[in-house]
1. Taking all pairs of distinct Cα atoms, average 1/r, flip it, and tell me the Kirkwood hydrodynamic radius of the range 83-131 in Å to one decimal place.
2. Please compute the contact order of the chain in relative form: average sequence separation of alpha-carbon pairs under 8 Å and at least six residues apart, divided by the residue count, as a percent.
3. Which order do peptides 75-83, 17-25, 122-130, 205-213 fall in by mean Cβ count within 10 Å, highest first?
4. At 222 nm, what value in deg cm²/dmol follows for the chain if DSSP H runs of at least 4 each add -39500 (n - 2.57) and the sum is divided by all its residues, to the nearest 500?
5. Quick one, can you get me the convex hull of the C-alpha atoms of the chain expressed as volume per residue in Å³?
6. Among L40, H17, P6, flag the residue with its Cα farthest along the positive direction of the charge dipole of the range 1-156, charges on Cβ as +1 for Lys/Arg and -1 for Asp/Glu.
7. Enumerate the residues in the range 133-172 having an amide nitrogen under 14 Å from the point lying 7 Å beyond the Cα of L93 toward its Cβ.
8. I'd like the distance separating the alpha-carbon centroids of the range 122-198 and the range 92-111, in whole Å.
Amino acid sequence: ELAAVPLEISGLSKRYHGAADRYAVRDLSFRVERGQVLGLLGPNGAGKTTTMRMLMGLIRPDAGTIRIFGHAIRPGAPVLSRVGAFVEGAGSLPHLTGRANLDLYWRATGRPAEDSHVEEALTIAGLGEALDRAVRTYSQGMRQRLAIAQAMLGMPDLLILDEPTNGLDPPQIREMRAVVTRYAATGRTVIVSSHLLSEVEQSCTHLVVMDKGRLIAAGPVAEISGGGDALFVGAPTA
Ligand code: ATP
C-alpha cells in the first residue's frame, strides 16, 4: 500500500456539455512518483483545472483512469482522505482567526483532532502569529496560505494545489514557493499548477506541460526547462 505510486493517470479525456467536439482534456497520461513535486504548466484554458478537479474526484472523466496510491478515483473514494487539495477561491470566515478557521474545517471532516497535525501544517504554511488574528486582517497572500494550510491538515501523502500563486505579487509568490518546498521536504508528494514556468521551476522536480487539453512535454525540470532558459508558457510577450 505505501509502496504504491502516488498518482498514475492514463488516457484521461474530458469534454464539457455544450463544448461541441472541443476537449478540455484529451488523452492525458502521466505518473508521479513518491517525493516528486510535479508542476502542471500551461496557458489559460490548457486544461489544468479540469485535470486537477478530476484528480480530486470532483468531476468525472469521459474516458481514462486515475489511480491514487493504486486506488481508482471516483467521487467519495476512501483514498481521497490521503489527498489534500487547494482550489481557487477556497474561502474562510473573515471574522474568525486563522486557527479557528482551520479547527472548524478539520472538525467538519469528522476525523479525530490528533490526526490533524495542525502545528506541523501551520509551521509549513509560515503564517506565524497571524494565526491568532481575524482573517479579515490578512493580505491576499496570507489568505491563500491559510487555504493551503487547510489543504495540509492531516499532512496528506499527496497534496494538490491548483494555481496557488494566482493573483499574488512576487514576494507572496516566493512565500508560496517556500511553502511547497517545506511540504515536499517531509518526503510527501506535491502537484502544483501554474501558468508560468518561472513560478514553479525552483520548487518542482518534474513538469508536465499542457496546451489545448493535451500533454506537450513531460520530464524532470532540468530537461524541460532547458537548464534555466526562461521558457514562458502562456505569458504575455514582453
Ligand atoms: P486557467 O489557467 O484559465 O484556469 P486551465 O488550464 O485550468 O485554465 P481549464 O479551466 O481546465 O483550463 O479549461 C479547459 C477548457 O475547458 C477551456 O477551454 C475552458 O473554457 C473549458 N471549460 C472549463 N470549465 C468549463 C465548464 N464548466 N463548462 C464548459 N467549458 C469549460
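1. With all distinct Cα pairs of the range 83-131 included, I get 11.9 Å.
2. Once normalised by length, the contact order is 28 percent.
3. Top to bottom by mean Cβ count within 10 Å: 205-213, 122-130, 75-83, 17-25.
4. When only DSSP H runs of four or more count, the value is -7500 deg cm²/dmol.
5. Measuring per residue, one finds 133 Å³ for the Cα hull of the chain.
6. Of L40, H17, P6, it is H17.
7. Hits in the range 133-172 for L93 at 14 Å: 134-136.
8. Cα centres, the range 122-198 to the range 92-111: 16 Å.
Every read-out reported here was derived from the displayed coordinates using simple, explicitly stated rules and does not represent laboratory data. Keep in mind the model is a prediction, meaning the values are calculated, not measured. Cβ: placed from backbone, ideal geometry, glycine included. Neighbour counts: every protein chain shown.
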